[in-house]
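**Q** First, the structure itself, so that you have it in front of you.
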Amino acid sequence: MRSLFVAACAMALAQPVHAQVRDSTTSGPVLSLEEAITLAQRNNPQHQQSMTARQRAGAALRSAYGALFPSLSSNFNTSYREGRPQIFNGVEFGANTDVISSSASLSLQAQWSGASILFPKQQRASLDAAEADISSSEVSLRNTIATQYLTALQAQARADLQDTLVVTAEAQLELARARESVGSATSLDVRRAEVQLGQQQVSRIRERNSAQIELLRLFQQMGVPQPENARLSTTFPVTEPTYELDDLLDQARRGNPQLHALEARSRVADVAVTRSRMSYIPTLSISTGLSGFTQQQQDINGVITGEQQSALRSRASCFTQDSLRQGAGLPGITGQCNAIVFTPADADRIRSFNDKYPFDFTRNPLSFSVQLSLPIWDGFGREENIQQATAARRDADLNVRQQQLALTADVTTAYLNLQAAYAAVQIQERNSVAARDAQTLAQERFRVGAGTFIDVQQARADYELAETDRINAIYDFHKAVAALEAAVGRPLR
């Protein structure tokens with residue numbers, strides 16, 4: 001039986017950490033790193049904001065081009081006026097009948113200046129900057145997801161280690177009890193084994209809880225809800241880095257999205273300076289338009305009656321003149337007077353002329369104007385705008401310079417950290433193997449009575465520390481690779 005317990009302990013120690021898989025996770029969905037990055041690009045709120053910024057920049061560019069074309073606008077208006085005259089200075093004005101009217105206009109206006117001509121170029125540079133911001137956001141998001149993915153795997157590996165150590169502690173407790181039953185160990189050794197098992201179980205609970213939290217944070221950064229029993233499937237082999245620092249720096253200078261975004265912002269600021277200087281160039285404005293109106297009286301009978309009475313008065317006046325001409329011996333104009341009559345056709349003509357509401361417009365005269373304007377003095381406003389634009393361009397250039405210096409430092413630092421992390425992995429691998437062998441030896445010595453249970457406890461603690469350090473070193477190495485990729489601005493593996 002003693003040999004069985006020792007063999008169980010040795011098998012538990014010999015198992016790889018990643019071989020311990022909980023039954024509760026075997027039925028859950030599997031998520032690879034690339035799938036996690038793809039989901040994050042589609043759902044991460046912060047990254048989606050950079051996408052909407054590109055849409056706004058595209059709309060601003062279309063608007064800038066549209067401003068170079070004339071603007072066309074139309075207007076239609078209708079009104080009603082009660083048939084009641086107004087009195088002004090004792091004189092009545094207005095119609096005695098209700099009046100409805102309408103009007104319409106179509107106007108064409110255009111304005112060109114040096115600033116408006118250069119505005120599309122500035123908006124194009126802004127769109128390029130928005131595109132570069134998206135690329136920079138993608139790289140940053142990829143690094144964030146990769147780092148959190150590795151952190152979740154690291155927590156899972158530590159939890160798996162605790163599962164292995166719990167199995168080992170259980171075997172050690174059974175061994176202590178077996179030795180106590182045959183008088184080879186004391187009850188103190190059994191109590192120590194029980195305490196060790198309890199402590200190990202608490203550590204397992206904590207590490208499992210930490211693994212669940214890190215997995216939850218991963219899905220939070222992805223921007224999607226966490227499915228039940230989700231598992232991470234991507235594995236990361238530890239291979240010796242063969243990157244050359246000079247090559248990495250060259251790639252970063254040519255392809256780092258964050259640097260490209262700042263360079264695009266610098267081009268935007270440069271165009272802004274040119275636009276501000278265009279305020280000294282005259283502005284050309286052109287406008288033209290068509291307009292018309294209609295007016296209709298609701299009761300036209302009064303107008304018809306007035307025209308009839310006017311015709312009768314004209315006819316009577318004509319006959320009076322005819323009598324005077326005949327009395328003076330001049331030719332008569334009786335025929336002309338007989339022709340002055342108000343016929344039903346005249347009444348229909350008045351009704352037809354009145355019946356134009358709402359779309360039978362009477363056109364107003366066509367207008368066309370051209371204006372050339374140049375502000376002579378605006379209280380140094382143009383000079384201030386130029387100075388502000390120049391200062392903004394200098395700030396943008398300094399930001400590019402600062403990013404170039406930071407890029408060199410970040411890539412170099414990440415490269416050195418990667419080299420150190422790989423060396424640490426090699427050392428921690430050897431330490432873990434040595435600690436595992438030491439624990440196996442301590443257990444064997446305790447089995448044959450050549451060692452104490454305290455030696456077993458110390459060896460187990462040393463192994464736990466060494467294996468934990470090995471796990472941390474491995475994932476620190478992978479995180480160093482991710483940090484180098486983020487500094488360079490593109491994947492390296």
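The values are calculated or read from the model by the stated rules, or taken from the named source; none is laboratory data. Quick caveat: nothing in here was measured; it's all calculated off a predicted structure. Virtual Cβ from ideal backbone geometry, glycine too; neighbours counted across all protein chains shown. Side chains included, ligands, DNA and RNA excluded: accessible areas come from the protein's heavy atoms. Shrake-Rupley method; radii C 1.70, N 1.55, O 1.52, S 1.80 Å.
**Q** For the stretch 213-221, indicate whether the set of residues that are among the aromatic types (Phe, Trp, Tyr) and part of a helix (DSSP H, G or I) is non-empty. Outline the logic, then answer.
**A** In the first step, residues of the stretch 213-221 are kept if they are among the aromatic types (Phe, Trp, Tyr); the result is 219.
With part of a helix (DSSP H, G or I) added as a condition, the list becomes 219.
Scanning the stretch 213-221 turns up at least one residue that is among the aromatic types (Phe, Trp, Tyr) and part of a helix (DSSP H, G or I).
**Q** Go through (1) under 30 Å from residue 477 (Cα atoms); (2) over 18 Å from the mean Cα position of the chain (by Cα); (3) of a type in the set (D, E, K, R) and name the single condition residue 138 misses.
**A** (2)
**Q** Among the residues of the stretch 389-412, write down those that are free of Cβ contacts under 8 Å to residues at least 40 places away in the same chain and either polar (S, T, N, Q) or open to solvent by less than 70 Å² (accessible area, probe 1.4 Å) (or both).
**A** Step one: list which residues in the stretch 389-412 are free of Cβ contacts under 8 Å to residues at least 40 places away in the same chain, which gives 391, 394, 398, 401-402, 405-406, 409.
Listed by number, the residues that qualify are 391, 402, 406, 409.
**Q** Identify all residues within the stretch 55-77 that are open to solvent by 50 Å² or more (accessible area, probe 1.4 Å) and part of a helix (DSSP H, G or I); write none if there are none.
**A** Residues satisfying the conditions are 55, 56, 62, 63, 65.
**Q** Another question, if that's okay. Does the stretch 228-273 hold any residues that are surrounded by fewer than 16 Cβ atoms within 10 Å (Cβ to Cβ), in contact (Cβ under 8 Å) with a residue 40 or more places away in the chain and assigned to a helix (DSSP H, G or I), and which are they?
**A** Passing the criteria: 245, 253, 255.
**Q** Shifting gears a bit: Only residues that are of a type outside the set (A, V, I, L, M, F, W, C) and surrounded by fewer than 24 Cβ atoms within 10 Å (Cβ to Cβ): list them for the stretch 135-157, please.
**A** Pass one, the stretch 135-157, residues of a type outside the set (A, V, I, L, M, F, W, C): 135-138, 140, 142-144, 147-149, 151, 154, 156.
If the condition is that a residue be of a type outside the set (A, V, I, L, M, F, W, C) and surrounded by fewer than 24 Cβ atoms within 10 Å (Cβ to Cβ), then 135, 136, 137, 138, 140, 142, 143, 144, 147, 148, 151, 154 are the ones that fit.
**Q** Give the residue that is most open to solvent (accessible area, probe 1.4 Å), with candidates limited to residues of the stretch 316-342 that are part of a loop (DSSP other than H, G, I, E, B) and among the β-branched types (Val, Ile, Thr). Spell out how you get there, then give the answer.
**A** If we filter the stretch 316-342 for residues that are part of a loop (DSSP other than H, G, I, E, B), which is where we start, we get 328-333, 340-342.
Narrowing the set further to residues that are among the β-branched types (Val, Ile, Thr) leaves 333, 340-341.
Working: 333: 27, 340: 54, 341: 78 Å².
Going through the qualifying residues, I end up with 341.
**Q** Collect the residues in the stretch 183-214 that are of a type in the set (A, V, I, L, M) and open to solvent by 40 Å² or more (accessible area, probe 1.4 Å), keeping them in residue-number order. Walk me through how you get there before you give the answer.
**A** Step one: filter the stretch 183-214 for residues of a type in the set (A, V, I, L, M), giving 185, 188, 190, 193, 195, 197, 202, 205, 211, 213.
Within the stretch 183-214, 188, 195, 202, 205, 213 meet the criteria.
**Q** Name, by its number, the condition in (1) buried (at least 17 other Cβ atoms within 10 Å of the Cβ); (2) at pLDDT below 90 that does not hold for residue 454.
**A** (1)
**Q** Additional query: Pick out the one residue from 363, 430 that is free of Cβ contacts under 8 Å to residues at least 24 places away in the same chain and open to solvent by 70 Å² or more (accessible area, probe 1.4 Å). Reasoning before the result, please.
**A** Working: 363 fails: free of Cβ contacts under 8 Å to residues at least 24 places away in the same chain.
Of the residues listed, the single one that is free of Cβ contacts under 8 Å to residues at least 24 places away in the same chain and open to solvent by 70 Å² or more (accessible area, probe 1.4 Å) is 430.
**Q** Which condition number in (1) in a helix (DSSP H, G or I); (2) in contact with a Gly (Cβ under 9 Å, 6 or more places away or on another chain) is the one that residue 157 fails?
**A** It fails just one condition, (2).
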